[in-house]
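One structure is given here, and the rest of the page talks about it.
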Amino acid sequence: MFSGRARRQEYWMYVLFNAIAAIIALVLDAALGTLPIITAIYYVAVLLPSLGVFVRRLHDTGRSGWWVLFGAVPLVGGITLLVFACLEGERTQNAYGPDPKSGYAAA
């Protein structure tokens, strides 16, 4: 889950579908009158997959997954991680694997 690399497209499509699903959970929660329950369950359920895809996105830019902890720094941490998520990945093989855009993966 935390090894390999994730292209920008893979990461941002995950973010898009995750945001849509979160909105649906929130609306469903509000309609049923159970406001924090369904949404909280959804967020707990996607915590590890979200962390995994973000760590793989960092790997694609040549950075360690430990950079996720930099997000705890107020304002600067979140902005920095957003910039890292928007940067193009390394076009060559790096310490985390081959370029996912190359069309083939190492065995």
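The values are calculated or read from the model by the stated rules, or taken from the named source; none is laboratory data. Owing to the predicted nature of the structure, the values given are computational and were not obtained by experimental measurement. Heads up, the Cβs are rebuilt from the backbone with ideal geometry, glycines too, and the neighbour counts pull from every protein chain shown.
Data overview
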{"item": "Any hit, the range 3-14, residues being touching a residue at least 12 places away in the same chain (Cβ under 8 Å) and farther than 23 Å from Asn94 by Cβ", "result": "no"}
{"item": "Residue match in the range 69-87 (condition: surrounded by 12 or more Cβ atoms within 10 Å (Cβ to Cβ), among the aliphatic types (A, V, I, L, M) and free of Cβ contacts under 8 Å to residues at least 12 places away in the same chain)", "result": "yes"}
{"item": "Conditions (1) part of a loop (DSSP other than H, G, I, E, B); (2) without any contact (Cβ under 8 Å) to a residue 12 or more places away in the chain; (3) within 18 Å of Phe2 (Cβ to Cβ): number failed by Arg91", "result": "(3)"}
{"item": "Out of Thr39, Thr34, Thr61, sole residue that is β-branched (Val, Ile, Thr) and modelled with pLDDT under 95", "result": "Thr34"}
{"item": "Positions within the range 1-49 being assigned to a loop (DSSP other than H, G, I, E, B) and surrounded by 12 or more Cβ atoms within 10 Å (Cβ to Cβ), in sequence order", "result": "Phe2, Gly4, Arg5, Ala6, Arg7, Thr34, Val46"}
{"item": "Checklist (1) touching a helix residue (DSSP H, G or I) at 6+ places or on another chain (Cβ under 6 Å); (2) not in a helix (DSSP H, G or I) applied to Arg57, failing item", "result": "(2)"}
